[in-house]
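Notes follow the structure.
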Amino acid sequence: MIARLIAAVALVALTSACGVGSVSPIVTDATVVSEPRLEGTWRRESESAVITPSGNGYDILYTDDDGKTGRFHARVGRLGSYRMLDVQPEEPA
């Protein structure tokens, strides 16, 4: 399950740089939840993501295999019986 979460974070990190930030965040203040298992440094081959708590969410520093970095902010929330990870670039283009 954690591996799937890491893969999802990496996918969002890779695709959000060329996309548009969310106009309406999926996770609202009313649905936000804490997920301490996300915290830490996650590595896969030469990619890594450092996830630290920040306010009611998490800051993510993602480094790809070329050494390029991206900074993101994420919030975990409930959508029905599912948990959602809402990730946005720290400074959207």
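Each residue of segment 75-89 was assigned a 3J(HN,Hα) from its phi angle through the Karplus curve 6.51 cos²θ - 1.76 cosθ + 1.60 (θ = phi - 60°); the sequence is 9, 9, x, 9, 10, x, 8, 9, 9, 10, 10, 9, 10, 9, x Hz, with glycine and proline shown as x. The length gained by stretching the chain between L79 and D65 to full extension, at 0.36 nm per residue less their Cα-Cα distance, is 1.8 nm.
For segment 32-73, the set of GluC sites (Glu not before Pro) satisfying both a DSSP loop assignment and a count of at most 16 other C-beta atoms within 10 Å is given as E39, E45.
Computed from the coordinates by the stated procedures, all read-outs in this text should not be read as laboratory data. Computed from a prediction, not measured in an experiment: that's the story for all the values here. All Cβ positions, even for glycine, are placed from backbone atoms using ideal geometry, and neighbour counts span all protein chains on display.
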